[in-house]
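Visitor: Structure incoming, see below.
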Amino acid sequence: MENFVVIDLGSNSVRMTITRINEDGTHETVTHMKEFVRLSENMGEKKILQPAAIERTMKALHSFKDIYKELDNVRIKAVATAAVRQASNQKAFLKQVKSEIGINLEVISGTQEAYYDYIGVTETLPITNAILIDTGGASIEIVLVQNGKVTNLISIPIGSVTISSEYDLGNHVSASELFKAVISINEIFQNIWWLKNGLNLPIIGLGGSNRTLAKINRRRDRLFNMEEVHGYQIKDTQVNKTFEDIISLDFEGRKEVPGISKDRADIIVGGLIPVILLMNYLDSEKITFSTSGLRVGILYERLHDILRENVANQ
């Protein structure tokens, strides 16, 4: 039996999932934790992780350690994504994590992150042809899946936190700044040569902003288990109406919208622009939401490794 700990340090939040893996390969979730740390906050043009953001992150990692240190036979896979990937003071931060927490934090590339998203989605949803979009705090991963296989993928170094900050979308949304953001992101999509191969394909949405879009609509429809968004689908018209409602509100107004957490109210506009534009660009009529992305992809990578080890030992 193994307690497999996956820590995912993103730009907006840090998450931990602990899974008990039995000798026969069966597994069950022990615990799941999330802390909003805003690691990418105020990094600026020089891409420097700020002391306050580092302090919040270290506090969260210490709280995670308090949980897994009580378990037996622990195996840890800790990864960092866009914020640490882009940080000019990356080495010092990784050294601090190693010194204080005792773990090796692996900085994965954007393409690795996108591939883990693909594994997590395809292991848990019946996907044959689709476009996956994972909107994080400081990066967006897009994957084209055809006949169940990855044909193209990309990581773009912008996200909900960076878009909201650059275009001042945290409180009142001005028409001019919203227009600038839309033009900029649309231009990025137009320069991805293979993206048109996803024309009319369904969209699979991952990441906190896209999950928030699902939660808003589930609460609006008064569905049972409103937090359970995995596999949930909505049409493009619902997506557009939700965005229209959100941009008409200021920060305080958004905090009152059922489905939007108070920690995400200032970045939700920037976080939803990419999926809105992508659905329009590809003329996709629906989006399916997935809660299985990076961490689930890492879990299944480990499960596959255990399976190969068991076969080799027979």
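The values are calculated or read from the model by the stated rules, or taken from the named source; none is laboratory data. Quick caveat: nothing in here was measured; it's all calculated off a predicted structure. FYI the Cβ positions are ideal-geometry reconstructions off the backbone, even for glycines, and counts take in every protein chain you see. To get the accessible areas, we keep the full protein, side chains included, count just its heavy atoms, and leave off ligands, DNA and RNA. Shrake-Rupley method; radii C 1.70, N 1.55, O 1.52, S 1.80 Å.
Visitor: For the chain, what is the Kirkwood hydrodynamic radius in Å, using each pair of distinct C-alpha atoms?
Guide: When all Cα pairs of the chain are included, the Kirkwood radius is 20.1 Å.
Visitor: Put a dot 7 Å past each Cα toward the Cβ at LEU125 and VAL311; how far apart are the dots in nm?
Guide: 2.8 nm
Visitor: Moving on. Out of residues 5 or more away from VAL30 or on other chains, whose amide H comes under 5 Å of its own, with H placed 1.01 Å from N in the peptide plane?
Guide: ILE18, THR19, ARG20
Visitor: Karplus couplings for segment 176-181 from phi (6.51 cos²θ - 1.76 cosθ + 1.60, θ = phi - 60°), rounded to Hz, Gly and Pro as x?
Guide: Result, rounded to whole Hz: 5, 5, 4, 4, 4, 5.
Visitor: Also, I was wondering about something else. Please sort 208-220, 123-135, 261-273, 58-70 by packing, taking for each peptide the average over its residues of neighbouring beta carbons within 10 angstrom, highest first.
Guide: Highest-to-lowest ranking by the protection proxy: 208-220, 261-273, 123-135, 58-70.
Visitor: Averaged per residue, what accessible area in Å² does the chain show with a 1.4 Å probe, protein chains only?
Guide: Ligands and nucleic acids excluded, the figure is 47 Å² per residue.
Visitor: Taking all protein chains as present, what is the carbon and sulfur share of the accessible area of segment 16-149, in % to the nearest whole number, probe 1.4 Å?
Guide: The value for segment 16-149 is 46 percent carbon and sulfur by accessible area.
Visitor: Can you classify segment 156-198 as rounded, prolate or oblate using the Cα gyration tensor, where a ≥ b ≥ c are the square roots of its eigenvalues, rounded means a/c under 1.5, and otherwise it's prolate if a/b beats b/c and oblate if not?
Guide: Taking the square roots of the gyration eigenvalues as a ≥ b ≥ c, segment 156-198 is prolate.
Visitor: Separate question: Tell me the net charge near SER174. Cut-off is 11 Å between Cβ atoms, SER174 excluded, with +1 for each Lys or Arg and -1 for each Asp or Glu.
Guide: -1
Visitor: By how many nm would the segment from ASP250 to VAL74 grow when fully extended, if each residue of separation counts as 0.36 nm and the alpha-carbon distance is taken off?
Guide: Full-extension gain reported as 58.9 nm.
Visitor: Before anything else, pin down the relative contact order of segment 22-172: Cα pairs under 8 Å, at least 6 apart, normalised by residue count, whole percent.
Guide: Taking the mean separation of contacting Cα pairs over the length of segment 22-172, I get 16 percent.
Visitor: Moving on to the next point. Expressed as a rounded percentage, what relative contact order does the chain have, with Cα pairs under 8 Å and six or more residues apart?
Guide: Averaging sequence separation for qualifying contacts and normalising by length gives 18 percent for the chain.
Visitor: Sticking with this one: List the aspartates and glutamates whose Cα lies under 19 Å from the Cα of LYS235, skipping any in the same chain that are fewer than 8 positions away.
Guide: Partners found: ASP134, ASP221, GLU227, GLU244, ASP245, ASP283, GLU285.
Visitor: Give me the number: length gained by fully extending LEU223 to HIS304, i.e. 0.36 nm times residue separation minus the C-alpha to C-alpha distance, one decimal in nm.
Guide: Between LEU223 and HIS304, full extension yields 25.6 nm more.
Visitor: In addition: For ASP283 and ALA92 in one chain, what is 0.36 nm times their gap in residues minus the Cα-Cα distance, to one decimal in nm?
Guide: Residue separation times 0.36 nm, minus the Cα-Cα distance, leaves 64.3 nm.
Visitor: Here is a follow-up. Taking K and R as +1 and D and E as -1, what net charge do the other residues with C-beta under 11 Å from the C-beta of LEU201 add up to?
Guide: Computed value for this residue: 0.
Visitor: Hey, another quick one. Residue by residue through segment 213-223, what is 3J(HN,Hα) from phi via Karplus (6.51 cos²θ - 1.76 cosθ + 1.60, θ = phi - 60°)? Round to whole Hz and write x for glycine and proline.
Guide: Result, ordered by residue: 4, 5, 5, 4, 6, 5, 5, 4, 8, 6, 7 Hz.
Visitor: What does the convex hull of the Cα atoms come to per residue for segment 176-314, in Å³?
Guide: Taking the convex hull of the Cα positions in segment 176-314, it is 144 Å³ per residue.
Visitor: Oh, and also: Do any of LYS98/LYS149; LYS65/LYS149; LYS47/LYS180; LYS95/LYS255 go past 25 Å between their Cα atoms, and which?
Guide: From the list (LYS98/LYS149; LYS65/LYS149; LYS47/LYS180; LYS95/LYS255), the Cα-Cα distance tops 25 Å for LYS98/LYS149; LYS65/LYS149; LYS95/LYS255.
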